[in-house]
Ligand code: 13P
């Protein structure tokens, strides 16, 4: 059966000491709690080693927010999948809309990144989602399907089964405007059907599909109650232990 997952995406926030403090707080809050989901934090590259040292991997998973589309070499400023894996991190967010929008990431580069992440034992948390214009002109199902097909459908069923997907409608990210639970369910069911058509029912049923975009303690319960919403990818609310835990305990 697929897992319920709540993952934080810290984005470009916190210094190293602040990040270590926050990670310790979250880890402590999870101690002695019987939560009904896997909890992950995805943090800036600089934070991976000290945060890994500060948390209990049995309670709290650790991920990066990106990795390079090459293995190694003359790519100044890039951080490769083997480097991320060597920190102890187990996950990597790939294809976040902010990377697609501001850093020109395409399905072609994402295909490389996904392959390298898997090759290095990292679990990609692969993001997909439409912008407001596509929501309004009705093309959002086609857009999301194309994002999945182009970057992921080259994978074998075995490799595809290792992925976590995150549907993040771009118009809901950091805007305070959450997709309704019905809008999320509609898209998540569509994504699952798209997976089923390619890889079969078993793979589709076992894939965790997270929702992201202004998810908060106040709306998490309704979102997570939907049959095809298997958790959340949390931006702003993951920077505060109480808010993040409010979402974690919504399961
Ligand atoms: P917010 O929760 O801040 O809207 O961000 C969502 C997101 O982009 C998570 O990856």
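Here, each number is a calculation from the coordinates, and none is a lab measurement. All values reported here derive from a predicted model rather than from experimental measurement. Neighbour counts are summed over all protein chains in view; Cβ atoms, including those assigned to glycine, are modelled from backbone coordinates with ideal geometry.
Structure data summary
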item: FRET efficiency, residue 12 to residue 35 (Cβ-Cβ, R0 30 Å, nearest 0.05); result: 0.65
item: Full-extension gain in nm, residue 3 to residue 206, via 0.36 nm per residue minus C-alpha separation; result: 72.3 nm
item: Extension gain, residue 150 back to residue 186 (0.36 nm per residue minus Cα-Cα distance, nm); result: 10.8 nm
item: Relative contact order for the range 5-142, counting Cα pairs under 8 Å that sit 6 or more residues apart, in percent; result: 20 percent
item: Order of 102, 211 - criterion: other Cβ atoms within 10 Å of each residue's Cβ, fewest first; result: 102, 211
item: q = 0.28 Å⁻¹: log10 I(q)/I(0) that the Debye formula gives for the range 101-151, counting C-alpha atoms only; result: -1.10
item: Mean separation of Cα contacts under 8 Å (6+ apart) over length of the chain, as relative contact order %; result: 21 percent
item: Within a Gaussian network of the chain (alpha carbon springs, distance under 10 Å), most fluctuating of 203, 114, 43; result: 203
item: Proxy reagent accessibility, fewest Cβ within 10 Å first, across 197, 230, 34; result: 34, 197, 230
item: Most mobile listed residue (73, 213, 231) in the chain, GNM with C-alpha springs under 10 Å; result: 73
item: Footprinting exposure proxy for 178, 46, 87 (fewest neighbouring C-beta atoms within 10 Å first); result: 46, 87, 178
item: Set of the range 226-251 residues, backbone N closer than 12 Å to the point 7 Å along the Cα-Cβ line of residue 197; result: none
item: For the chain: rounded, prolate or oblate by the Cα gyration tensor [a/c cutoff 1.5]; result: rounded
item: Förster radius 30 Å - calculated FRET efficiency between residue 132 and residue 108 (Cβ-Cβ, nearest 0.05); result: 0.75
